[in-house]
Amino acid sequence: MFGLCSENKAGAQVAAFLNFALAEVSRHLPSMDLKSKINLEKLPRHIAVIMDGNGRWAKEHGMPRVFGHRNGVKAVRETTEACTELGVQYLTLYAFSTENWNRPQTEVAALMTLLVETIKKEIKTLNENGVRLQAIGDISRLPEKSYKTLKQAIEGTKNNTRMTLVLALNYSARWEILEAARKLARQAQAGELRPEDIDEAAFSNALATSGMPDPELLIRTSGESRVSNFLLWQIAYAELHFTPTLWPDFRREHLYQAIIDFQHRERRFGKTSEQLAV
Ligand code: FPP
């Protein structure tokens, strides 16, 4: 009797495990299928993302906006993981724009707290996976705690080489372009640079993204089709991918789909299709 009972128990455990394994496999099947369609030789070197729709997602769930931001962190993690696994070199996420300061104070404070919490929680994983953290934007204006945590994480991951995760924080492209123009003007005024030497390379080098390849793919979630003051110089030739998915629902299969779409586009850079064929 006792033996039978423990056999039943073991059987139930095996069945539960098999059910769990089956559920896990079927959860990943759609993304595994999509992943196999990606040409790893033609990956975008740099993907930029405008993470949008957290507020609407929260509203759909009858919750305050901050709930959307908290759930957005899952999408940040999964996108970062997927890009690292694939071999994408740079992933830039628009986490806080200069315009976002105009949001209610409670939301701004919650976003800053979330940033600190997330960085502290994820730094070990970033290091384990060879991810270097960088930031673009006027981060000196962030609350002191956010600034310090961010700086420490940037310093603590600076030797990682597998992928660079760039957070755009207190960032706007017009601010960045103006800063670059001021920097070059000061150099010219000091006699260190002739105005005729200011070419595309010199200008790119004066931007916050100096040293990074330009994004080849820009993704925006939530069904909006705007670029909202994000990397305006750098996305000159980027392919744009707009998806109706709200950011907290964005998962690796959405990323794979964006990359597959990117790989199906003909990138002509001003040339004709015939010229590209030779
Ligand atoms: C846009 O959604 C989202 C943001 C302004 C913030 C993005 C922040 C996160 C995903 C969380 C923290 C990120 C990191 C990197 C730790 P929205 O609020 O504009 O949404 P709505 O358009 O639906 O109102």
- [ ] Would you mind putting 91-102, 120-131 in packing order, based on average other-beta-carbon counts within 10 Å, highest first?
- [x] 91-102, 120-131
TODO: Tell me which residues come under 5 Å, amide H to amide H, from Leu217 once H is placed; ignore anything under 5 positions away on its chain.
DONE: His46, Ala48, Glu239
Task: Percent of alpha-carbon pairs separated by more than 26 Å within the range 84-213 - done: 32
- [ ] Give Lys74/Lys158; Lys74/Lys145; Lys158/Lys183; Lys59/Lys124; Lys124/Lys145; Lys148/Lys183 a once-over and call out the pairs whose C-alpha atoms are over 28 Å from each other.
- [x] Lys59/Lys124
Open item on the list: Cβ neighbours within 10 Å, averaged per peptide: list 46-55, 251-260, 187-196 in order, most packed at the top.
Closed with: 46-55, 251-260, 187-196
TODO: Give me the distance in nm between label points sitting 7 Å out from Cα along the Cα-to-Cβ direction at Lys145 and Glu107, one decimal.
DONE: 2.1
- [ ] Give the cross-link partners of Lys271 among the lysines, using a straight C-alpha distance below 16 Å as the criterion and excluding same-chain residues fewer than 8 apart.
- [x] none
Open item on the list: As a test of the definition: which semi-axes, in Å, follow for the chain when you take the square root of five times each eigenvalue of its alpha carbon gyration tensor? Largest first, please.
Closed with: 39, 25, 18
- [ ] Starting from 0 in steps of 5 Å, tell me what percent of the Cα-Cα pairs of the range 208-278 lands in each bin.
- [x] 3, 14, 21, 21, 20, 13, 6, 2, 0
Task: Mean Kyte hydropathy of -0.5 or more with a Cα span along the axis of at least 15 Å, helices from DSSP in the chain - done: 2-35, 105-128
Task: Linear extension gain, Thr272 paired with Lys120, 0.36 nm per residue minus alpha-carbon span - done: 49.8 nm
Open item on the list: Can you give the log10 of the normalised intensity I(q)/I(0) at q = 0.16, 0.19, 0.20 Å⁻¹, computed with Debye over equal Cα scatterers of the range 138-278?
Closed with: -1.15, -1.34, -1.37
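Bear in mind these aren't lab numbers, they're just calculated from the coordinates by the rules spelled out. These figures come from a predicted structure and were not determined experimentally. Cβ coordinates were reconstructed from backbone atoms using ideal geometry, including for glycine residues, and neighbour counts include every protein chain displayed.
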